[in-house]
Amino acid sequence: MLEQSEEKKIFGGRLTIRVLRPEDLVGLKVQAMVNDKSRWTNDLADIEGIMALHTADLDWSIIEEYFALFGLEDSRPGYEVIGQGTYGVRWRGSIGRP
C-alpha cells in the first residue's frame with residue numbers, strides 16, 4: 001500500500017509528501033469498519049465520499065479485493081456511473097451493512 005503511494009507537491013511546490021491512492025484509503029476505511037463496528041456509519045460516509053470524488057479514476061478491482069480481504073464480499077460497492085455534471089460524477093449504488 002505505501003509502496004503504491006504517490007508523491008504530491010504542496011505549499012506551492014515547496015514540500016513533497018507521499019499520498020495513498022484513493023483505493024488504498026478505502027481499504028483502510030474498510031479495515032477500520034471491521035475492527036470497530038461503531039465506526040461503520042462514519043467510515044461508510046467517508047468511503048462514499050472518496051468514491052464520489054474519484055469515480056472515474058478508481059480501480060474497482062482493488063476496492064473489491066479490500067472488501068473480500070475483510071470478509072465483506074456481499075457488502076462491496078455496487079456503483080455505476082450514470083453521468084457527469086457541473087458538480088462531479090453522478091453515480092448510483094450502495095454498500096450494504098453486514
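Numerical summary
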{"read-out": "Cβ-Cβ FRET estimate between A52 and L2, R0 fixed at 25 Å, reported to 0.05", "value": "0.50"}
{"read-out": "Computed lengthening from T41 to L15, 0.36 nm per intervening residue step minus Cα-Cα distance", "value": "5.9 nm"}
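Quick note: the coordinates plus some simple rules give every number you see, no bench work behind them. Not measured: the values here are computed from a predicted model. As a convention, Cβ positions derive from the backbone with ideal geometry for all residues, glycine included, and neighbour counts pool all protein chains shown.
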